[in-house]
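To start, the structure itself, in structure tokens.
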2 protein chains.
Amino acid sequence: MGWFVEYYNGCGLKIKVIDKIVEHRGIQRIEIYQTESFGKMLVIDGKIQLTEFDEAFYHEMLVHVPMLSHPNPKNVLIIGGGDGGAAREVLKHNPDRVVIVEIDEKVIELCKNYLKIDGNALSDERVEIVIFDGKEFLKKAKDFDVIIVDSTDPSPVSMSLFDEEFFSLAKDRCDVFCCQSQSPTIQLNYFKEILKNSKVFENRRIYISYVPTYPLGLWSFLIAGELSLNFKKINRRYRKRKIKTIYYNPEIHISAFNLPNWLKEVVDDVLNERRGRNA
Amino acid sequence: MGWFVEYYNGCGLKIKVIDKIVEHRGIQRIEIYQTESFGKMLVIDGKIQLTEFDEAFYHEMLVHVPMLSHPNPKNVLIIGGGDGGAAREVLKHNPDRVVIVEIDEKVIELCKNYLKIDGNALSDERVEIVIFDGKEFLKKAKDFDVIIVDSTDPSPVSMSLFDEEFFSLAKDRCDVFCCQSQSPTIQLNYFKEILKNSKVFENRRIYISYVPTYPLGLWSFLIAGELSLNFKKINRRYRKRKIKTIYYNPEIHISAFNLPNWLKEVVDDVLNERRGRNA
């Protein structure tokens, strides 16, 4: 049927699509396509959320880095993530309870019926789905071992997940926190804003990974809390929990924190600016 | 003036272009564009070779990994690389002599006059430019400390740089060998072929890096010879030679050899197939 194009700043990714499987216009515009080379593809408000080809690259790095940074994550909150991919990965750690707080129930419904990348996580009895605003949920929530934010790009629907108040609430309610933090190459303003707004976490760290169908292919994550970056410890947990992965491994986990010089400078500038202001 | 598009398999990268600075149709079709967001861009036979925005990501990883794997690289051969970016990085190691063997003299001429990313390396007195076929040159060449192959995608002009004979000649003429080995996500056949054809190097290793304007953003390199992968040694050499970089650092150097699981499997399959055949 032609080409889907997602435009960034002065560039764009074209994906050949065979068929539009479903479309819904509600609080967000949700589309699921069949593509020629990437399997099924979920698009929200014109932005590629995932393809079957590389969703594991993203979900595994979003989930296993924080989950393996925690010694025993039994009680996990996912904010966003209505496609069920993050929950699927969390369940590999054998938690007692996973809460998904998704603001748009249509994402859950369409992904469950048409996308089916959740590996039945969205029907698992340990998984509780709450249709609610993530920040409002946090205001009344009890503690979690790990909180993972699997949001869309900042938009009117998701922007409350990127401000100082949100990070402050999250900090008080978990041991380990992780969120996606956008493309540092082509969305540098978003990236810097997330880094600035999360200053309540004094030990926050950035890690990066490769997600081919995200803007220019390099993606970033912010992690904070009680972290271990000891390879032997991470590797022991990975083997003990018998995690099976397509992309992630403990070597990649540690490597992902090694940033190229230009990105280290960006991160240091934001962190130093903050120290300067507070001095 | 519109959009330049490079198509891969079922997808493509669009880049907004303001102006075509120069075009030449000879043994290859060479175009240099001014883009909106990526500075100047070199395109050969329809494929993006580099943009000012991210050429350092590629050239630094292509050059500093092999150069810092060698204790004292004074005599270096670059095959291809007519844009001068690789030579610019090699010169940071203070070699006595750099030979660039480029098959298409028009690449040198147009890059020197219009692209100007070589930092005057193409005019440096230590740099010798030979307009010749890379494989034919190797047949009569003396030894080099390091050989770096900065080729285009396999094409009628460059395909002699990817066959068994080429790797065999290269092995006999250097301590450390490195070549770009294409996109492992979207050009898996090329990647596997390079890995297979280089079997004369028993200790060959793959490393990966992020180059946003290359097909789907992940790029691979093959390195072989007398290698060190000891972080302290690499780091000491990096500091001693006072290398200044935008992307590369010794942590990234070591990390780049940590492959995601799916790619480790591809590499192991090719290597095991070979061992199976020879058993």
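Values for this structure:
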quantity: Residue within region A:216-234 that is of a type in the set (S, T, N, Q) and farther than 17 Å from A:Phe257 by Cβ present; calculated: no
quantity: Selection count where residues are within 14 Å of another protein chain (Cβ to nearest Cβ) and at pLDDT below 95, scope region A:190-210; calculated: 0
quantity: Residues of region B:131-186 classified as touching a residue at least 40 places away in the same chain (Cβ under 8 Å), among the acidic types (Asp, Glu) and either buried (at least 24 other Cβ atoms within 10 Å of the Cβ) or closer than 30 Å to B:Cys11 by Cα (or both), total; calculated: 2
quantity: Filter pass, B:Leu222 being within 13 Å of chain A (Cβ to nearest Cβ), touching a Ser or Thr at 6+ places or on another chain (Cβ under 9 Å) and of a type in the set (A, V, I, L, M); calculated: no
quantity: Answer residue from region B:218-231, given it is more than 15 Å from the chain's Cα centre (by Cα) and crowded, with 18+ Cβ neighbours inside 10 Å and is modelled with the highest pLDDT among those; calculated: B:Gly225
quantity: Condition broken by B:Tyr247, with the remaining ones in (1) farther than 19 Å from A:Phe57 by Cα; (2) within 12 Å of chain A (Cβ to nearest Cβ); (3) part of a helix (DSSP H, G or I) satisfied; calculated: (3)
quantity: Of the criteria (1) part of a strand (DSSP E or B); (2) within 25 Å of A:Ile48 (Cβ to Cβ); (3) more than 9 Å from chain B (Cβ to nearest Cβ), which one A:Val266 fails; calculated: (1)
quantity: Residue check, A:Asp45 under 17 Å from A:Tyr214 (Cα atoms) and not assigned by TED's automatic domain parsing to the domain that holds A:Lys242; calculated: yes
quantity: Test result for B:Lys244, over 20 Å from A:Glu251 (Cβ atoms) and modelled with pLDDT of 95 or more; calculated: yes
quantity: Which listed residue is at pLDDT 95 or above, within 14 Å of another protein chain (Cβ to nearest Cβ), closer than 23 Å to A:Ile252 by Cβ and in contact with a strand residue (DSSP E or B) (Cβ under 6 Å, 6 or more places away or on another chain), from A:Glu89, A:Glu52, A:Glu60; calculated: A:Glu52
quantity: When residues of region B:8-44 are limited to those that are closer than 21 Å to B:Leu218 by Cβ and assigned to a loop (DSSP other than H, G, I, E, B), the one farthest from the chain's Cα centre (by Cα); calculated: B:Gly10
quantity: Given (1) assigned to a loop (DSSP other than H, G, I, E, B); (2) within 14 Å of another protein chain (Cβ to nearest Cβ), index of the condition B:Val157 fails; calculated: (2)
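The values are calculated or read from the model by the stated rules, or taken from the named source; none is laboratory data. For clarity, every value in this text was computed on a predicted model and none was experimentally measured. Every residue, glycine among them, receives a Cβ derived from its backbone with ideal geometry; neighbour counts consider all protein chains shown.
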